[in-house]
Amino acid sequence: MKELVIQSRQLNKKIQASPEYNRYLVTKEKLMADGELYRKMNEFRKRNFELQNKGDGVNRYDEIRNLASEYNLLLHNALVNDFLMAEQRICRLMQDIYKELARDIEFDFEYMDM
């Protein structure tokens, strides 16, 4: 098991050296330099996350579209857009890594369907 932990640390270092992660850090730092812009963007991100993750099975397309319309000016800010794109790329990278890690691992999740 110790070897797996060591390998996961090595993977972390490779992720940290990736262009996706570095772009994310650079754009985040630039955005954080403007505290008000960063606060507004995080407000949008939080509301968007909450809408997309409500577990009631309702399609929230209209609500998400209205949220994007409400934050239209913010979302067209080049710095915000660059950050959100970088964030999306690192999230996709992490999703791909998680999928590969779990690909051939058998684990019983049937209790979740109860």
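Each reported figure results from applying straightforward, stated rules to the coordinates on display, with no laboratory input. Only a predicted model underlies this, so the values are computations on that prediction, with no experimental measurement involved. For neighbour counting, all protein chains shown are included, and Cβ atoms are generated from backbone atoms with ideal geometry for every residue, glycine included.
Things to note:
- Farthest towards the positive end of the charge dipole of the chain, among the residues ASN66, LEU101, ALA17, is the Cα of ALA17, using unit charges on the Cβ of Lys, Arg, Asp and Glu.
- Coupling constants for region 31-40 follow from the phi torsions by the Karplus curve (6.51 cos²θ - 1.76 cosθ + 1.60, θ = phi - 60°), and in residue order they are 5, 5, 5, 10, x, 5, 5, 4, 5, 5 Hz; glycine and proline get x.
- Each Lys and Arg adds +1 at its Cβ and each Asp and Glu adds -1 at its Cβ; summed about the Cα centre, the chain shows a dipole of about 580 debye.
- Projecting label points 7 angstrom from Cα along Cα→Cβ for ALA33 and ALA68 puts them 2.9 nm apart.
- Length released on extending from ARG60 to SER18, taking residue separation times 0.36 nm less the Cα-Cα span: 11.7 nm
- Under 22 Å from LYS40, Cα to Cα: lysines that are on another chain or at least 8 residues apart: LYS28, LYS30, LYS54
- Loop-located GluC sites (Glu not before Pro) in region 78-114 (DSSP state other than H, G, I, E, B) with a sparse environment of at most 13 neighbouring Cβ atoms within 10 Å: GLU106.
- Whole-number Å³ per residue for the convex hull built on Cα positions in the chain: 146 Å³
- Whole-Hz ³J(HN,Hα) from phi, Karplus 6.51 cos²θ - 1.76 cosθ + 1.60, for region 63-69, glycine and proline x: 5, 5, 5, 5, 4, 4, 5
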